[in-house]
Ligand code: ARG
Ligand code: GLU
C-alpha cells in the first residue's frame, strides 16, 4: 500500500500539466488545480468540491441510474438531456397526449407530472476508505478469502457512515481494488417532469446524427425534485414541496470561443483505460463486429415498421434508440482503435512492462497469465455475445425466457406473482399483435439464422442443413408456440400451478431457448467465466500497481465507475479525415440546412422556422447574431456523462454534455487528443427553446442568469 501511495504522490508532484485525457476525482482535485488554472480556470478546486462549504458539487446529481443532471434554480429545477428523460417522457405519452412528439411544458407546479421509478441522487460527501476496506487483507489470501474480508469491511464501514441518518452509502473499488472510496448519498424519489421540447428538436437528427458532428440536437429536458416539508427526500405525495438545493448553477449567456477552457462535472459510467492488447482486440475485432451485424438486422426491421405509422413509431422508438446507440458507437470504436493501431500500441507498452517485470518477481507472470486467461475468455465472450444479441434479440425469445423462469419456480406465492405479471404483460403485448408479430417473427428468424450460419448455437448440428430449412423450422416454432396465441397462453396460465410446469417446458419456443442457452453457455463455461473474470480482475490489480511502480506517469486517473468526476479541456475543432476540418460550433442555420420534411429525423417545427425567418433570437444570439446550437471540446467523457453540466472558467453553466464525436468513441479504451471530442448543447439554444419557442417564461424566471 505504502508503495502505491508514494507512487501516487510522485505522480502528483512531478507532473505539472496533464493531457486532455482524464476523469478526475473531485475530492483530489487540488492535484489538478494549478494545471486547470494554467489552462484558464478562474475558480478554485474548493469551489468545485468541498465538504466545508456549499460548492458546485451540491448542484450535480446522478439522474436515474445512468445519466447526470444539475440543479438550475433554488426550487429544485433540474436540467438533463432529452435522451435521459426519454423513457419517462415516452411513458407519460399516449397518442392523444403525445409529449414525445409534441413536447410538454408545465405552466405551474400543479401541471408537473410525477415520474414513477425515477430517482435523483445527490452526493453528500466522499471519503478514501482504502485502509478500512483492506483491513485484514493479506497477499497470500485467495481471491475468495479476500472478497469475503472486503465485503465484511464494506458492510461495517457503510453502516457506520449512515447510522442515524437518511443517507445511503456505497463503496467502490478504484484501480481494480488498489484503492476504495466511499460515497455518502441522498436519494430523492419524487421527481416530476416539467418540460421537454418535441422530438423534432430534442432528438433532431435522430439516430442518423447520433454520435456525429456537426450536430444540431436540442438534447435537453427539464425535471423538478420534490422533497418533504423538511427538505429531505420523501416518496411521492401531493403534499411534497420543491426541494431547495444547497447550490444551483448560474447560467452564462456569454458563450465560448475556440480554445476557451471548459470542464464537465458528472457521472461517467465505464472506461477501460488500462486494458491489455488482448482486451482491446477482443472488443474491437471480435465482439463488436458480431454485435454490429446482429443489431443491423433488428434495426432494419424496426425502422421499416416505424416509417409506416405513428403508433409503431411511438411503440418502438425507445427500444430502437438504445439498440442503435450501441450499434453506432461500436462501429466508431472499432474503426478508431484500428486507425490508431491500438492493439499494436498496447503490445508495445506490454513489451516494455515485461522487460521491467522480469526483474520484479511479483509482476513477472502478470502479462503471460493475462494472455492465457484472455484466450479462454475470448471464446466464452463470443458465445455470450451470440446469446445476448441473437438468441435474446426478439420479444418472442425474451418472453420464452420469462415463461421458463415461471416453469422453474416452485414457491406457490412466487408462482402467483410471476403468472400474474405475465398475464398483465399479455394484455398490452397482444394489442396490435398482427403488425408486431411480423416484425418480431422476422427478427427472431433472421438473428437465429445468422448465428447458425456463423456456426454458433450448436443446435443445428448437421452442416448440410440448408438455410431455407432452418428458416422454415424457426417459422414453425414461432407460429406453434403458445407465446404467439393470446388464447392459448391465457388458457395455459389461467389456472397454472406448479404441476403444470411440464406444459411450459414442452412449448417449442421454451425448448429452443433452453437448447440455445445450454449450447452457448453450458454450466461448465458459466463456471469457467466467473473464474476467469475474477482472475483477470486480480491480474489487473497487480498490473496497474506494477505500472505505477514502473513509472508513476503510467497511471494517471482511475477508470470511470459511475462516480462523480471532473474532466477539463478546451473548445476545439478537429480534422476527422484528410481534407476535412470540423469547426467547433454549430448554429440554427444548420438545422435549416438539414431540413427535410420527408425524413422524420429532419422535420423542422414550423414555429422554429418562424423564429428563424425573423431572426428573433433575443439575448440568446452570439456576437455575430447567430443562434448557437452545439459545440465540441476536448473534455474526456463517456456514457453516463449525458446531461452533465459543461462549465466555463468561472464555473458557470454554458451547456449540457450529450455525446461524443464518432471518430473518437474509442476513448473508453484509448484517448487520442486529435480525435476525441465531447459534444455539448449550447445553453443558449436550450434557453431559446424554453423561452422563445415554448414561451415557458415561468421556467426562465426561476433561473439565475449572468449576462
Ligand atoms: N449517443 C448519445 C449517448 O450515448 C445519445 C444517445 C441517445 N440518442 C439516440 N439518438 N439514440 O447516450
Ligand atoms: N450520450 C451518452 C450518455 O448517455 C454520452 C455520450 C458518451 O458516451 O460520451 O451518457
**Asked** Could you give the distance between the Cα centres of the stretch 12-76 and the stretch 550-615, to the whole Å?
**Response** 22
**Pairwise FRET efficiency - residue 480 versus residue 589, Cβ, R0 = 45 Å, nearest 0.05** = 0.20
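Fully extended, how many nm does the chain gain between residue 494 and residue 697 (0.36 nm per residue separation, minus their Cα-Cα distance)? Provide the component values of the computation, followed by the final result.
Values: separation 203, 0.36 × 203 = 73.08 nm, distance 5.33 nm.
Once the chain is fully extended between residue 494 and residue 697, it gains 67.7 nm.
Going by C-beta contacts inside 10 Å, put 216, 636, 425 in order with the fewest on the left.
Working: 216 24, 636 30, 425 12.
Listing 216, 636, 425 from fewest to most nearby Cβ atoms yields 425, 216, 636.
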**Fill in**
Unit-weight point scatterers at every alpha-carbon of the stretch 293-360, Debye formula, q = 0.22, 0.29 1/Å: log10 I(q)/I(0) is -0.89, -1.13
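Considering Cα pairs under 8 angstrom that are at least six residues apart, work out the relative contact order of the chain and quote it in whole percent.
Computed over the chain, the figure is 24 percent.
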**Complete:** Subtracting the Cα-Cα distance of residue 139 and residue 95 from 0.36 nm times their residue separation yields 9.7 nm
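Express in nm, to one decimal, how much length is gained between residue 165 and residue 465 on full extension, taking 0.36 nm for each residue of separation and deducting their alpha carbon distance.
Details: separation 300, 0.36 × 300 = 108.00 nm, distance 6.47 nm.
Stretched out fully, the residue 165 to residue 465 stretch lengthens by 101.5 nm.
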**Request:** Pop a pseudo-label 7 angstrom from the Cα along the beta-carbon direction at both residue 527 and residue 607 and give the gap in nm to one decimal.
**Result:** 6.3
**Fill in**
Taking the chain and counting helices only, DSSP H stretches of n ≥ 4 at -39,500 (n - 2.57) each over all residues, the nearest-500 ellipticity at 222 nm comes to -13500 deg cm²/dmol
**Prompt:** Using 1/(1 + (r/R0)^6) with R0 = 41 angstrom and r between the beta carbons of residue 369 and residue 577, what's the FRET efficiency to the nearest 0.05?
**Reply:** 0.55
**Request:** Could you give the C-alpha radius of gyration of the chain expressed as a fraction of 2.2 N^0.38 Å, taking N as the number of residues it contains?
**Result:** 1.00
**Message:** To make sure I understand, if each residue's beta carbon is the centre and we count other beta carbons within 10 Å, what order do 262, 409, 587 fall in, fewest to most?
**Reply:** 409, 587, 262
**Prompt:** Once both labels are modelled 7 Å past Cα along the beta-carbon direction, what's the residue 705-residue 428 spacing in nm?
**Reply:** 3.8
**Asked** Rounded if a/c is under 1.5, else prolate if a/b is larger than b/c, else oblate: which is the stretch 92-167, with a ≥ b ≥ c the root eigenvalues of its Cα gyration tensor?
**Response** prolate
**Item:** Between the stretch 457-523 and the stretch 77-118, the Cα center-to-center distance that results, in Å
**Value:** 39
**Request:** Please work out whether the stretch 190-322 counts as rounded, prolate or oblate from its C-alpha gyration tensor, where a ≥ b ≥ c are the square roots of the eigenvalues and a/c under 1.5 means rounded, while otherwise a/b larger than b/c means prolate and anything else oblate?
**Result:** prolate
**Prompt:** Can you give the FRET efficiency for residue 311 and residue 339, using 1/(1 + (r/R0)^6), R0 = 51 Å, r = Cβ-Cβ distance, to the nearest 0.05?
**Reply:** 0.75
**Request:** Using only the Cα atoms of the stretch 185-225, build the gyration tensor, take square roots of its eigenvalues as a ≥ b ≥ c, and label the shape rounded, prolate or oblate: rounded if a/c is under 1.5, else prolate if a/b is larger than b/c, else oblate.
**Result:** prolate
**Prompt:** Rg (Å, one decimal) plus Dmax (Å, integer) for the alpha carbons of the stretch 64-196?
**Reply:** 20.3, 65
**Message:** So if the hydrodynamic radius of the stretch 491-565 is defined as the Kirkwood radius over C-alpha pairs, what does Stokes-Einstein give as its diffusion coefficient at 37 °C and 0.692 mPa s, in µm² per second?
**Reply:** 190
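For each of 217, 449, 614, count neighbouring Cβ atoms within 10 Å of the residue's Cβ, then give the residues from fewest to most. Spell out each step's value before the answer.
Working: 217 27, 449 18, 614 8.
Lowest to highest Cβ neighbour count: 614, 449, 217.
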**Prompt:** Of the listed peptides 637-646, 567-576, what is their order by residue-averaged count of other C-beta atoms within 10 Å, with the highest listed first?
**Reply:** 637-646, 567-576
**Message:** Averaging the inverse of every distinct alpha carbon separation and then flipping it gives the Kirkwood radius. What is it for the stretch 214-281, in angstrom units?
**Reply:** 17.5
**Asked** Spin-label point model (7 Å from Cα, Cβ direction): what's the residue 285 to residue 359 distance in nm?
**Response** 3.2
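Please pull out the direction-averaged projected area of the stretch 524-566, using the convex hull of its alpha-carbon atoms, in nm² to one decimal place. Intermediate values should be presented prior to the final figure.
Working: hull surface 16.4 nm².
Mean projected area for the stretch 524-566: 4.1 nm², to one decimal.
Values quoted throughout were computed directly from the atomic coordinates according to the rules given, and no laboratory measurement underlies them. Fair warning: this is a prediction, and the values are worked out from it, not measured in the lab. Heads up, the Cβs are rebuilt from the backbone with ideal geometry, glycines too, and the neighbour counts pull from every protein chain shown.
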